[in-house]
Amino acid sequence: MSTTTPKKPEVGDDVRVAVAHVSVPSKMMAAVLYGSEDLRIEKIDVPALAAEEVLLRVRLALTDGTDLKVWKRGYHAKMIQPPAIFGHELVGEIVAVGKRVDPRWRIGMRVIAANSAPCLRCYHCRRGQENLCDDLLFNNGAYAEYMRIPGRIVVENMLEVPHSVDDQSAALAEPLACVLRGIHEMEVRAGDTAAVIGCGPIGLMFVRMLSRRGVRVIALARRAAPLEVAKHLGATAMINVTETPDVVAAVKALTEDQLGPDSVVEAAGNPATWKQALTMVRRGGVVNFFSGLPSTTRVEIEPAAIHYSELKLISPFHHTPRFIREALEAIRRGDISAHDFVTEEIRLADLPQAFERMKSRSGEIKLAVRP
């Protein structure tokens, strides 16, 4: 597997376990990705811990669009190479800690752990671009009964969950951090109009958090159901693109002097909607190409239209420690809640079939997996 070889966390000089409070078995059930659409639920060894690492009992993990894409492709060039334990959005309970872990991390604490941590030493980290770290450490394995958290993530990107925050909402912190960083890069202002193309989990998070900032949001999607969710989350206008002959004209008609929105978020992951976003935004506006496209994808653009309209094009990738903290605080304040995103709870054993359902877009937004 691409993760550290799983072994039982043994009690000794390097690991302290509160035996009176927890009992860590030698084996666990986990979802292991072997290749394209090849996800298997297997019994494997519980991961061993180094002196600076923490072992979590996974209380709950969430599915997301990135995991769905990785499941379809069978790998992720930066994050996961099969065979590997899968999943990255979770809330867990500490059951074992290495001897060099800060004493503030105690057995029984409920925490979130991001799926990466920067080195804080390289060129990009020194410039405040930790998401582009030359040695960005990724971690997967949330679809399992236990998950090992590397020392760097423990230090930089593991946070205690406030008592007032439920498990499902806490697990939203990682994708929300990506969205919050994307909004930060857009430099939106209250009173702006933004169009959000695509109402999957990420698009809906943009709808919610932009509307919380006083932005008037136009939501675009291919189906009525997610548009209803977008309306509930604060969208002031909804456009079903399958029922609209000229989508760009329809969006512009909803803006001041029909100039187009001040910003456009492309969250559909489609080359056609990348091009559509460029023709939709007003002159001097911002296009946020948030969705990732396969490396071989090509999108034709008209440089003159970008130059003479002075468009700002951004494509924010991933999150940083700052936004992981801002995300958890936004959840604590109640700006966003799992109630609007999690459509079902499932068992770990049902996960392979759940991805098959998600592939056909049968109405799920996010599924909560209880190992």
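State which residue is surrounded by the most Cβ atoms within 10 Å (Cβ to Cβ) when the search covers only region 270-325 and only residues that are in contact (Cβ under 8 Å) with a residue 40 or more places away in the chain and of a type in the set (Ser, Thr, Tyr). Ranking the qualifying residues of region 270-325, first place goes to 320. Among helices (runs of 4 or more DSSP H) entirely within region 116-228, having at least 1 residues that are closer than 28 Å to residue 106 by Cα, small (Gly, Ala, Ser) and touching a helix residue (DSSP H, G or I) at 6+ places or on another chain (Cβ under 7 Å) singles out 167-170, 173-186. Residue count for region 242-299, restricted to those that are in a helix (DSSP H, G or I) and within 16 Å of residue 220 (Cα to Cα): 18.
The residue pairs whose first member lies in region 331-348 and is farther than 14 Å from residue 170 by Cβ, whose second member is part of a helix (DSSP H, G or I), and whose beta carbons are closer than 9 Å, counting only pairs six or more residues apart or on different chains, are 340/204; 340/208; 340/229; 340/232; 344/354; 345/168; 346/353; 346/354. Reported count of residues in region 73-93, each being modelled with pLDDT of 95 or more and either more than 30 Å from residue 34 (Cβ to Cβ) or in contact with a Pro (Cβ under 7 Å, 6 or more places away or on another chain) (or both), is 1.
Tell me, which residue of region 239-259 that is in contact with a strand residue (DSSP E or B) (Cβ under 8 Å, 6 or more places away or on another chain) and closer than 14 Å to residue 193 by Cβ is surrounded by the most Cβ atoms within 10 Å (Cβ to Cβ)? Result: 251.
Within region 65-104, restricting attention to residues that are β-branched (Val, Ile, Thr) and outside any loop (DSSP other than H, G, I, E, B), the residue that is farthest from residue 160 (Cα to Cα) is 70. The set of residues from region 204-226 being out of contact with any Asp or Glu (no Cβ under 9 Å at 6 or more places or on another chain) and surrounded by 21 or more Cβ atoms within 10 Å (Cβ to Cβ) comprises 205, 206, 207, 217, 218, 219, 220, 221, 226. The residues in region 62-89 that are of a type in the set (S, T, N, Q) and farther than 19 Å from residue 319 by Cβ can be counted, and the count is 1. Taking region 24-57 as the range and being in a strand (DSSP E or B) and farther than 14 Å from residue 144 by Cα as the test, the residues that pass are 34, 35, 38, 54.
The values are calculated or read from the model by the stated rules, or taken from the named source; none is laboratory data. Because the structure is predicted, anything quoted here is derived from the model rather than measured. FYI the Cβ positions are ideal-geometry reconstructions off the backbone, even for glycines, and counts take in every protein chain you see.
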